[in-house]
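Worksheet for the structure shown next.
Read-outs: derived from the displayed coordinates by stated rules, not from any lab. Everything quoted here is computed from the prediction, not taken from an experiment. Quick reminder, even Gly has a Cβ in these numbers, built from the backbone with ideal geometry, and neighbours come from all protein chains shown.
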Amino acid sequence: MARYDAVWGGRQPPHLLCTDGYYRAVDSYGLHDETGLLAASAAGVEQVLAGIRDTEESDPLCTRYPRFKPSDDATAVMLASALRSLANRLRRRRRPLSRQDLLLLIARADRRLGRPRRRLRLPG
């Protein structure tokens, strides 16, 4: 990313940052097209990763899906607009993130992902 604002600015759809191993779901295995990968990842990257691993395990000799090794690292992160909006507001304050700011970010991420409430404590 060349500019900070390219990731955090404005109201934008979610962004997917992923490794080539994760993108194999599109270009090697045909599990999703690009739009489908974004939608599936927004629902949960765990399900996409499980599909990638199932496909790799079903072809251990790499004959159906030619590749140099049976599996590759597969990592992905979804950047959601609610978190970008909060980070944008915090950035405008021109001060470092406090412990309370960090706890607020985590709580909002949990709510957005539909996770149950939890008591959060940071070490230190």
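The table that follows gives values for the structure above.
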| quantity | calculated |
| --- | --- |
| Two-site label geometry, LEU79 and ASP27: point separation in nm, points 7 Å out along Cα→Cβ | 2.0 |
| Mean projection area, nm², convex hull over Cα of segment 12-77 | 4.1 |
| Value of relative contact order over segment 12-77, rounded to a whole percent, pairs C-alpha under 8 Å and six or more apart | 46 |
| Extended-chain gain in nm, criterion 0.36 nm per residue less alpha-carbon gap, ALA42 and LEU61 | 3.7 nm |
